[in-house]
Amino acid sequence: MDSVSIGLDVGGTFTKGAIFYSTISENVNVTEVYYYDSKSNSPKEEVLENFVFIIKDLLTNFREIKRVSSIGLAFPGPFDYDQGISMIRNLRKFNSIFGINLKRELVRRLIEYNSDCFCDTNIFFMNDAQAFAIGENKFSGCEKGAYFTIGTGCGSTFLENGECVQGKYGIPHSGMVYDEQFLDGKIDQYISENGLKKIATEFGFSDMSGKELFFQAEIGVSQALQIFESFGVNIGRAICPYIKTMEPNEVVFGGQVSKSFKFFNQGVLRTLSDARVEKIDIRSTLDTTVRTLEGLNEKMKRGKK
């Protein structure tokens, strides 16, 4: 093969990577997903060199390729995606590369490593929640969809005919709802790991992590089940205004907390049903990382920067 594309799903703990390549039949294939330490709390030089190492390591089984056509990085915000500049600060990850032009740094380092292979590589950055949404929407083929990634915060993307919805259906011009007013704070404070912990504390589970809470729910502990139910009610209340106005075909949850979907989904469904929001496919993703990488690949295929 002459060329391949690389997708990286960058998180505070792990960076997940895979290679996309075409066969003789022109079908696009993807390698298995590889996990790497993000080293997000390391000094600037170590973080930058780690990205280069990951890219080089992914290519070890593709020594015959002549060039890397695209490298897409799904990155959490805040981030200047057009310029490739990280604006992340005081979020316990990637502090050392605040204000650094990652695109410029990667181009320089990769060309120094192999100028023939990387001389005209298109390196681009994408919001991780948006990449997830595009991959999930491509998988389902729905005309309209609302996609939420729940982890340390609440990522959101609304799609219509494959394009991001912004400033329509009551959706903010940013296309993201994390900073919108909800209860006595912001959506991000309630529809997140911290939001789940807040409810757990009210039930007397202040020292229990989300993972431990999940295991308690698995064995049928009634209080744990009630915590997730209440969390689902909050999710339903937070997203209801957008879902009711947009009327998407599907609502899909991704992110770490979505693994507990089977415990909080009834709270979501009941709240939306009470608001007469029905006939919508509400589910969790099969794999957040795979869909995020597929979203990056879809952007590569569209040729957008």
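All of the numbers you see were taken from the coordinates with simple rules; none came from a lab. Because the structure is predicted, anything quoted here is derived from the model rather than measured. Every residue, glycine among them, receives a Cβ derived from its backbone with ideal geometry; neighbour counts consider all protein chains shown.
Odds and ends about this structure:
- Dipole magnitude for segment 131-289: computed about the Cα centre from +1 point charges on Lys and Arg Cβ and -1 point charges on Asp and Glu Cβ, it is near 160 debye.
- When the listed pairs LYS39/LYS299; LYS16/LYS66; LYS138/LYS301; LYS186/LYS279; LYS16/LYS93 are checked against a 18 Å cut-off, the alpha-carbon distance exceeds it for LYS39/LYS299; LYS16/LYS66; LYS186/LYS279.
- Derived scalar couplings ³J(HN,Hα) [segment 110-124; Karplus, 6.51 cos²θ - 1.76 cosθ + 1.60; whole Hz; x for Gly, Pro]: 6, 5, 4, 6, 7, 5, 5, 6, 10, 4, 10, 5, 7, 9, 9
- Where only DSSP H runs of four or more residues are counted, the chain gives -12500 deg cm²/dmol as its mean residue ellipticity at 222 nm, each run worth -39500 (n - 2.57).
- Segment 3-120: translational diffusion in µm²/s, Stokes-Einstein, Kirkwood Rh over Cα pairs, 20 °C, 1.002 mPa s: 145
- Taking the longest Cα principal axis of the chain as reference, the axis of helix 193-202 is set at about 30 degrees.
- Computed from backbone phi with θ = phi - 60° and the Karplus coefficients 6.51, -1.76 and 1.60, the 3J(HN,Hα) list for segment 151-164 is x, 5, x, 10, x, 8, 8, 10, 10, 9, 6, x, 10, 5 Hz; x is used for glycine and proline.
- Rounded to 10°, Cα long-axis angle of helix 288-302 versus longest principal axis of the chain: 50
- Percentage, to the nearest whole number, of Cα pairs in segment 236-305 over 17 Å apart: 51
- Spatially, segment 102-141 and segment 31-84 are offset by 8 Å when compared through their Cα centroids.
- Helix 222-246 axis, angle to the chain major axis (alpha carbon atoms, nearest 10°): 70
- The ratio of the alpha-carbon radius of gyration of the chain to the globular-protein estimate 2.2 N^0.38 Å is 1.04.
- All alpha carbon pair distances within segment 131-289 were sorted into 10 Å bins beginning at 0; the resulting P(r) in whole percents reads 11, 43, 35, 10, 1.
- Cα centroid of segment 258-285 to Cα centroid of segment 213-241, whole Å: 11
- Amide H contacts of PHE79: MET87, each under 5 Å away and 5 or more positions distant or on a separate chain (H built 1.01 Å from N in the peptide plane; Pro and chain starts excluded).
- Gyration tensor verdict on segment 75-170 (Cα atoms; rounded if a/c is under 1.5, prolate if a/b is larger than b/c, oblate otherwise): oblate
- Sites listed here are GluC sites (Glu not before Pro) in segment 134-175 whose DSSP assignment is loop and whose Cβ has at most 15 other Cβ atoms within 10 Å: GLU143.
- Restriction of the trypsin sites (Lys or Arg not before Pro) in segment 172-238 to DSSP coil positions whose beta-carbon has at most 13 other beta-carbons within 10 angstrom yields no sites.
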